[in-house]
Amino acid sequence: MKILYFKLRAVVVTWLMRLLPRNPPIVYKGINSALTLCEQVAVLGYTKVLLVTDHFLDSSGLLDGIKATLQKTGVEFLVYDGVLPDPAFDQVQAGEAMLRSGHCTAVIAVGGGSVLDAAKMMAMLHTNPGDLKSFDGIQKCKKPGLPLFAIPTTAGTGSEITLAAVITDPVTHRKAPIVDSKMIPGYIALDAQIMKGMPPGITAATGMDALTHAVESYLSKASSTTTEEHATAAVRLIFKYLQRAFRDGDDMEARDGMALAAFYAGAAFGKTSVGYVHGIAHQLGRVCGTPHGNANAMVLPEVLAAYGDCVHPRLARLAGVAGIGEPGDSQAVLAGKFIQAIVDMRRDMDLPLQPKGLKAGDIPGIVDEAIAEAGALYPVPRYMSEAELTTIVNALRAA
Ligand SMILES: NC(=O)c1ccc[n+]([C@@H]2O[C@H](COP(=O)([O-])OP(=O)(O)OC[C@H]3O[C@@H](n4cnc5c(N)ncnc54)[C@H](O)[C@@H]3O)[C@@H](O)[C@H]2O)c1
Ligand SMILES: [Fe+2]
């Protein structure tokens, strides 16, 4: 009965995602495109903006060029640097209060997915005042938010192009997925220069998040010719560049390739949604504080293997895209080789396999929430049983 409800809901979600009106953003790409984007702030007529970031990025000097460009072009700015990883309601409220009291008319977000998500919601809350809980779900904001300029500093979440913001409710610790097509930033800079200093561990984890977006989008029942094109582009780029960027952060070709990969993956999953890997990863973030990319990497191959035969044809095609396999390999063999390549990549980049502090008693809650999240939002290729998901999550304690 529950599965039937999930299937009907998946059809509704699929059509909603397809029909949502989206304004295509303007994208600047290449070295120093973040500065080009900042020059456009004045050209577009904004004279006072809120710069949203986190404390580490602000104190590291990463924003110096951005601040200097805004000053040079006569744009006044206030800085909100209070965003924490997996941002919570209070940070959105504090940032919005700053932009309201400072009479800012646009928002510039410079940071990873946490900063971008918090900034998206600050811009929305400003024009849609209310309880943040009431935005949990699909298309709950009535008015467009303040104009938003996005400069991602990690190559992972794709939040710069997605219609989602994941904001944690500090009372329930639930990571609320707020989905609204009005949240897609209007202006984006994909600037590898700003990602150059990313440490290898964050490069690896965020890159695995992008890979998970691409693969889960490709397997989604809501995928289309366009999303498949974007998802395969991301897979191609990630297999070519992620380990290179991990090993040598100064390899600008690899950094540039990963910035584009995360963007393509975001474009794909923003229209198809994700799957059980994210359903589980969000719970690991909630219960154990596991960073999002690490959490995805812990279960991506295991979830793909558990889907079984139904995903073999699609995984076989992704193996071809990634340059894996031999002529004559069956679809099942190619699917197995693709999954093994992800395991190898995960090992090569020394990604952790176990969430810190996961207790046996946490597992039923994680499984229940993952089932509920996937059932409500993700058109997965096959619905898994509680027992199957329990096996996957249980293995994280024994790995
Ligand atoms: N909106 C979406 O579509 C979407 C999709 C996936 C994930 N998310 C959310 O995004 C968040 C995760 O974002 P993330 O993986 O980008 O990590 P993050 O934004 O939480 O950043 C992780 C750490 O990396 C540091 N960092 C960021 N850029 C850096 C750089 N260039 N150099 C050095 N350090 C740098 C940050 O200061 C932070 O300490 C989660 O909350 C997740 O739920 C959102
Ligand atoms: Fe993700």
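Things worth noting here:
- Percentage, to the nearest whole number, of Cα pairs in the chain over 33 Å apart: 27
- Degrees separating the helix 33-43 axis from the principal Cα axis of the chain, which is the longest one: 40
- Of the trypsin sites (Lys or Arg not before Pro) in region 284-376, the ones in a loop by DSSP (not H, G, I, E or B) with at most 14 other beta carbons within 10 Å are 356, 359.
- Put a dot 7 Å past the Cα of residue 360, heading toward its Cβ, do the same for residue 56, and the two dots end up 3.5 nm apart.
- Mean accessible surface per residue for the chain, computed with a 1.4 Å probe while every protein chain stays in place, in Å²: 40
- Relative contact order (%) - region 207-275, alpha-carbon pairs under 8 angstrom, separation at least six: 50
- Within the listed set 61, 361, 293, the residue fluctuating most in the Gaussian network model of the chain (springs between alpha-carbon atoms under 10 angstrom) is 361.
- Rounded to 10°, Cα long-axis angle of helix 292-307 versus longest principal axis of the chain: 30
- For the chain, modelled as a GNM whose springs connect Cα atoms under 10 angstrom apart, the maximal fluctuation among 206, 47, 225 occurs at 225.
- Pairs of Cα atoms nearer than 8 Å and 6+ residues apart set the relative contact order; for the chain it is 16 percent.
- Principal-axis tilt of helix 312-321 within the chain, Cα atoms, nearest 10 degrees: 50
- The amide H of residue 149, built 1.01 Å from its N in the peptide plane, has 107, 108, 109 as neighbours under 5 Å, considering only residues 5 or more places off or on other chains.
- Structure-based [θ]222 nm, the chain - -39500 (n - 2.57) summed over DSSP H runs of at least 4, per residue, nearest 500: -18000 deg cm²/dmol
- Taking Cα centre as origin and charging only the Cβ of basic (Lys, Arg, +1) and acidic (Asp, Glu, -1) residues, the dipole magnitude of the chain rounds to 860 debye.
- Within straight-line cross-link reach of residue 7, aspartates and glutamates at Cα separation under 16 Å, skipping those fewer than 8 residues along the same chain: 373
- Semi-axis lengths, Å, region 333-398, gyration tensor of Cα atoms, sqrt of 5 times eigenvalues: 23, 19, 10
- Simple point charges give the picture: +1 on the Cβ of Lys and Arg, -1 on the Cβ of Asp and Glu, and for region 140-226 a dipole about the Cα centre of about 340 debye.
- DSSP-defined antiparallel bridges as percent of all bridges, the chain, nearest 5: 20
- Using a cutoff of 8 angstrom between alpha carbon atoms and counting only pairs six or more residues apart, the relative contact order for region 36-89 works out to 50 percent.
- Shown for region 37-195: lysine pairs separated by 8 or more places, or found on different chains, whose C-alpha atoms are under 12 Å apart, numbering 5.
- Carbon + sulfur, % of accessible area of the chain - ligands and nucleic acids excluded, 1.4 Å: 58
The values are calculated or read from the model by the stated rules, or taken from the named source; none is laboratory data. None of the values given here were measured: they were computed from a predicted structure. Don't worry about glycine lacking a Cβ; one is built from the backbone with ideal geometry, like all the others, and counts go over all protein chains shown. All accessible areas refer to the heavy atoms of the entire protein, side chains included, with ligands and DNA or RNA removed. Shrake-Rupley method; radii C 1.70, N 1.55, O 1.52, S 1.80 Å.
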